[in-house]
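Chemist: My questions all concern the structure below.
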């Protein structure tokens with residue numbers, strides 16, 4: 001998996017990377033709660049056509065700035081937060097594959113939940129990322145969030 | 001990992017099992033959102049003593065009933081929910097190891113979040129489980145949630 | 001008639017056993033009288049009581065084979 | 001003086017390019033005039049504009065090397 005900016009990665013996010021993240025942060029014995037969100041590409045039907053994949057593009061330099069701001073904001077609000085990870089795919093992600101990972105670690109559960117939830121919302125609002133839904137018949141459509 | 005009732009497992013929950021769960025459910029191409037919560041044993045200091053492990057005991061037959069009720073309730077409320085998994089450790093779980101896993105899968109993110117969050121709260125309220133904090137000096141204390 | 005009595009959590013340190021079989025108690029009140037004699041410290045603890053895995057809130061008659069459990073405050077997670 | 005103009009998402013299908021270098025436009029208004037001539041369809045789309053990766057909400061003078069981007073509604077996740 002090639003890193004573009006620290007928050008963007010080519011292709012789908014693999015389940016094994018999620019296990020790696022947990023192993024990495026469970027080293028921190030102050031951590032009591034992990035909250036994960038994973039977004040996956042659904043095989044939606046759109047007007048009789050079935051989604052095959054989503055091709056994501058991003059304004060990479062701007063993503064880095066927005067992600068930094070989101071993290072700063074959340075670490076300001078949640079003093080119990082230990083770690084916040086944001087990973088978004090660029091390029092092709094097929095149905096049944098994961099395109100977004102948000103991972104919050106804190107001492108107690110409440111802040112892990114809230115930080116994870118709010119980060120997902122902020123990523124959707126603020127990340128300059130676009131998605132092109134590609135259907136099984138090779139046609140495509142640009143989607144809003 | 002030995003299963004006692006479908007919700008209770010001997011010893012800590014392994015990061016690799018979490019990856020397995022994701023791989024298993026990502027087969028479902030209607031799934032768009034996964035929300036995970038993991039609870040980990042912290043190396044808290046209690047009156048100058050450091051926690052070494054928590055030993056969990058459970059009223060196993062009653063856990064099965066309570067877990068079933070929680071799932072029923074949540075599937076009633078959240079019609080977008082596809083899967084809800086609850087796993088709690090019994091026996092010894094050391095600091096830095098995971099003792100609780102809640103995993104919700106739904107089409108869209110909102111219900112996965114809410115179902116996961118509510119399930120964690122309900123497990124804490126309703127699961128007949130007890131924890132004995134064991135300190136590095138071999139003394140122990142029974143804790144409330 | 002006999003019933004099974006289960007203890008959990010800190011209460012196992014009062015009862016020194018996880019399980020007890022008690023004969024010839026008719027109802028919860030009778031059981032409590034019996035247990036308070038055996039374990040006077042029991043009164044110092046907070047607990048709920050379940051019969052056949054359902055928490056009960058008032059006196060209840062027992063039938064043969066009932067499973068009565070003494071449950072300190074839950075502490076899962 | 002030159003500026004870089006970037007297009008994203010559906011707008012790349014209007015511009016047919018991801019990037020454009022434009023000389024001698026003084027400000028956003030001048031750039032919009034220029035682009036509306038080149039790409040009359042641009043007006044049919046909803047977008048925000050950023051200069052050097054900050055979204056702007058009104059006319060703005062450019063300096064040499066500025067990076068101006070046309071951003072359709074974000075669709076991450």
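Chemist: So for region A:66-74 (the condition being within 24 Å of residue D:12 (Cα to Cα), at pLDDT 95 or above and out of contact with any strand residue (DSSP E or B) (no Cβ under 6 Å at 6 or more places or on another chain)), does at least one residue qualify?
Modeler: yes
Chemist: Here's something else I'd like to know. Quick one: is residue C:54 exposed (fewer than 15 other Cβ atoms within 10 Å of the Cβ) and within 13 Å of chain B (Cβ to nearest Cβ)?
Modeler: Here the answer is yes, as residue C:54 does meet what is asked.
Chemist: With the requirement that a residue be more than 25 Å from residue A:66 (Cα to Cα), in contact with a helix residue (DSSP H, G or I) (Cβ under 9 Å, 6 or more places away or on another chain) and more than 14 Å from chain A (Cβ to nearest Cβ), what does region D:1-39 give you?
Modeler: D:22, D:24, D:25, D:32, D:35, D:36, D:38, D:39
Chemist: So residue A:40 clears everything in (1) in contact (Cβ under 8 Å) with a residue 12 or more places away in the chain; (2) within 30 Å of residue B:44 (Cβ to Cβ) except one condition, right? Which one?
Modeler: Failing condition for residue A:40: (2).
Chemist: Is at least one residue of region B:82-93 within 16 Å of the chain's Cα centre (by Cα), within 10 Å of another protein chain (Cβ to nearest Cβ) and assigned to a helix (DSSP H, G or I)?
Modeler: Looking for residues that are within 16 Å of the chain's Cα centre (by Cα), within 10 Å of another protein chain (Cβ to nearest Cβ) and assigned to a helix (DSSP H, G or I), one finds none in region B:82-93, hence no.
Chemist: If the Cβ limit is 6 Å and pairs must be 6+ apart or interchain, which residue in region B:109-132 that is away from chain C (no Cβ under 11 Å) pairs with which residue that is assigned to a loop (DSSP other than H, G, I, E, B)?
Modeler: Note: pairs meeting the criteria are B:111/B:78; B:111/B:80; B:115/B:78.
Chemist: Of the residues that make up region C:60-72, is at least one surrounded by fewer than 13 Cβ atoms within 10 Å (Cβ to Cβ), touching a residue at least 12 places away in the same chain (Cβ under 8 Å) and touching a strand residue (DSSP E or B) at 6+ places or on another chain (Cβ under 6 Å)? Write out each step before concluding.
Modeler: Our first condition is that a residue be surrounded by fewer than 13 Cβ atoms within 10 Å (Cβ to Cβ); within region C:60-72, this holds for C:61, C:63-65.
With touching a residue at least 12 places away in the same chain (Cβ under 8 Å) added as a condition, the list becomes C:61, C:63-65.
Right, trim to touching a strand residue (DSSP E or B) at 6+ places or on another chain (Cβ under 6 Å) and you get C:61.
Scanning region C:60-72 turns up at least one residue that is surrounded by fewer than 13 Cβ atoms within 10 Å (Cβ to Cβ), touching a residue at least 12 places away in the same chain (Cβ under 8 Å) and touching a strand residue (DSSP E or B) at 6+ places or on another chain (Cβ under 6 Å).
Chemist: When you check residue A:63 against the structure, is it assigned to a helix (DSSP H, G or I), within 14 Å of chain D (Cβ to nearest Cβ) and crowded, with 23+ Cβ neighbours inside 10 Å, yes or no?
Modeler: Values: assigned to a helix (DSSP H, G or I): yes; within 14 Å of chain D (Cβ to nearest Cβ): yes; crowded, with 23+ Cβ neighbours inside 10 Å: yes.
Spelling it out, residue A:63 is indeed assigned to a helix (DSSP H, G or I), within 14 Å of chain D (Cβ to nearest Cβ) and crowded, with 23+ Cβ neighbours inside 10 Å.
Chemist: Within 13 Å of the chain's Cα centre (by Cα), within 11 Å of chain B (Cβ to nearest Cβ), surrounded by 16 or more Cβ atoms within 10 Å (Cβ to Cβ) and modelled with pLDDT under 90: which single residue out of A:13, A:18 fits that description? So that I can check it myself, show each step before the final result.
Modeler: Values: A:13 fails: modelled with pLDDT under 90.
On inspection, the qualifying residue turns out to be A:18.
Chemist: Name every residue in region B:133-145 that is at the interface with another protein chain (Cβ under 7 Å from one of its Cβ atoms) and either assigned to a helix (DSSP H, G or I) or out of contact with any strand residue (DSSP E or B) (no Cβ under 7 Å at 6 or more places or on another chain) (or both), in order of residue number.
Modeler: Taking region B:133-145 and keeping what is at the interface with another protein chain (Cβ under 7 Å from one of its Cβ atoms), we get B:142-145.
Of everything in region B:133-145, those that are at the interface with another protein chain (Cβ under 7 Å from one of its Cβ atoms) and either assigned to a helix (DSSP H, G or I) or out of contact with any strand residue (DSSP E or B) (no Cβ under 7 Å at 6 or more places or on another chain) (or both) turn out to be B:144, B:145.
Chemist: Report, by residue number, each residue of region B:21-57 that is within 8 Å of chain A (Cβ to nearest Cβ) and assigned to a helix (DSSP H, G or I).
Modeler: Within region B:21-57, B:22, B:23 meet the criteria.
The values are calculated or read from the model by the stated rules, or taken from the named source; none is laboratory data. Model, not experiment: these values are computed from the prediction. Backbone-built Cβ (ideal geometry, glycine too); neighbour counts: all protein chains shown.
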